[in-house]
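Working notes, beginning with the structure itself.
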Amino acid sequence: TSSFSNGNCIKSKKIAKTSHDNKLIKLLNNLQNHKTGKGGKNRRRGKGDGEEAKRELEFKEEGQEYAQVVRMLGNGRCECFCYDGVTRLGHIRGKMRKKVWVTAGDIVLVGKRDFQDEKVDILHKYSADEARNLKQYGELPETARINETAVDQAMAGDGDDDDIGIDFDDI
């Protein structure tokens, strides 16, 4: 039996004497331990610690506007309610696609197009804490609802009045 410094053993009747035999034995030990790969999809995806690095808050510049995603349309597009009062078609930029997940209810920074007023490009997604800070600084209106989807907003708008127009006392 011969053993190596890495703790792996391989059984053989004679001790390897040439460097070629040593390399072959090391290769066999590596194959037995299945440690030749560099990791699977979870390695490529990165660690899911959930902790984002503290980043500087991005404010809007000329030609940009704050918006809230109303609903996702697919193919990297969504319906955005811009805080200038207009609903526009938003397009997630290529740098953000498959890296930053934009969902309904998110507060985003959009870039207006000079040549298409009804379309915007999503440039940055704000976390809930960043959106609250923007609201405190007066960048977002007080009516802005952070992390609420269109369904949540519709339910909040109904209030206690669940009347659908049918009066059963008349029947």
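The values are calculated or read from the model by the stated rules, or taken from the named source; none is laboratory data. Computed from a predicted model, the values in this text were never measured in an experiment. Cβ placement follows ideal geometry from the backbone for every residue including glycine, while neighbour counts extend to all protein chains displayed. The area values use the complete protein model at the heavy-atom level, side chains included, leaving out ligands, DNA and RNA. Shrake-Rupley method; radii C 1.70, N 1.55, O 1.52, S 1.80 Å.
Computed quantities for the displayed model
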item: Over 22 Å (Cα to Cα) - which of K60/K112; K95/K135; K54/K112; K99/K125 fall in this group; result: K95/K135; K54/K112
item: Virtual paramagnetic centre 7 Å along Cα→Cβ of R113, amide N under 13 Å, in the range 83-98; result: 88-93
item: Accessible surface of F59 - all protein chains present, 1.4 Å probe, nearest 10 Å²; result: 90
item: Inter-probe distance in nm under a simple model that places probes 7 Å from Cα toward Cβ, at V100 and N22; result: 5.4
item: Inverse mean reciprocal Cα-Cα distance (Kirkwood Rh) of the range 79-131, Å; result: 11.5
